[in-house]
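First the structure, in the form of structure tokens, and then the observations on it.
The values are calculated or read from the model by the stated rules, or taken from the named source; none is laboratory data. Quantities reported herein were computed from a predicted structural model and do not represent experimental measurements. Methodologically, a virtual Cβ is constructed for each residue, glycine included, from the backbone with ideal geometry; neighbour enumeration extends over all protein chains shown.
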């Protein structure tokens with residue numbers, strides 16, 4: 001009986017050791033996230049009021065985590081849209097066609113998290129009977145003036161959004177791409193935060 005039990009135990013132990021030596025596929029992915037002014041998933045706007053005024057400073061933290069198993073060159077791209085402008089499409093991994101108004105690039109080690117502080121405010125906007133149009137924005141001390149990426153009109157000032165896309169450098173393309181391959185599957189990711197600008201003055205309207 002002792003010999004039988006010993007043989008069975010030896011077989012089980014050998015099987016466990018053999019299974020432990022089988023390499024499991026590495027789970028490749030990026031994580032893109034946006035936190036509020038306190039570094040938490042809240043307080044994205046002062047007083048939690050999403051209807052903002054020009055010159056109101058808003059602070060966020062945009063993070064990228066690299067779990068691709070190698071050093072990666074990544075870029076976070078910021079775009080300004082209204083509700084009717086097409087955003088990214090996850091089904092076919094298509095980026096928004098809007099031009100970027102701000103972007104930052106960083107080399108990320110494997111398992112490294114990059115936290116990018118972002119401070120922005122609308123500097124100038126005009127208001128008509130039916131709409132509000134943004135003309136300029138200050139972001140991280142950089143003034144973005146009226147151009148194709150900045151001039152966005154929203155009906156009655158409602159449903160603006162700041163879109164944050166993750167782009168990754170491809171050695172094959174020798175350029176940044178919105179789509180990357182993780183475990184052989186095409187992937188993409190983005191965040192977006194919505195706000196309103198129904199008034200452009202502190203005076204009652």
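Data overview
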quantity: Pairs where the first residue, in the range 90-113, is on the phi > 0 side of the Ramachandran plot and in contact (Cβ under 8 Å) with a residue 40 or more places away in the chain and the second is exposed (fewer than 12 other Cβ atoms within 10 Å of the Cβ) and part of a strand (DSSP E or B), C-beta under 7 Å, 6+ apart; calculated: 93/186
quantity: Complete set of residues in the range 97-116 that are assigned to a strand (DSSP E or B) and under 15 Å from residue 73 (Cβ atoms); calculated: 103, 104, 105, 106, 107, 108, 114, 116
quantity: Single condition residue 157 does not satisfy, out of (1) in contact with a strand residue (DSSP E or B) (Cβ under 7 Å, 6 or more places away or on another chain); (2) part of a strand (DSSP E or B); calculated: (2)
quantity: Some residue of the range 43-58 being modelled with pLDDT of 95 or more, in a strand (DSSP E or B) and within 18 Å of the chain's Cα centre (by Cα); calculated: yes
quantity: Residue in the range 183-200 that is touching a strand residue (DSSP E or B) at 6+ places or on another chain (Cβ under 9 Å), free of Cβ contacts under 8 Å to residues at least 60 places away in the same chain, more than 30 Å from residue 127 (Cβ to Cβ) and part of a strand (DSSP E or B) present; calculated: no
quantity: Restricting the range 165-182 to residues that are in contact (Cβ under 8 Å) with a residue 24 or more places away in the chain and part of a loop (DSSP other than H, G, I, E, B), the residue that is surrounded by the most Cβ atoms within 10 Å (Cβ to Cβ); calculated: 178
quantity: Hits in the range 114-129 (condition: without any contact (Cβ under 8 Å) to a residue 60 or more places away in the chain and surrounded by fewer than 16 Cβ atoms within 10 Å (Cβ to Cβ)); calculated: 115, 116, 117, 128, 129
quantity: Test: residue in the range 130-153 that is surrounded by 14 or more Cβ atoms within 10 Å (Cβ to Cβ), modelled with pLDDT of 95 or more and part of a loop (DSSP other than H, G, I, E, B); calculated: no
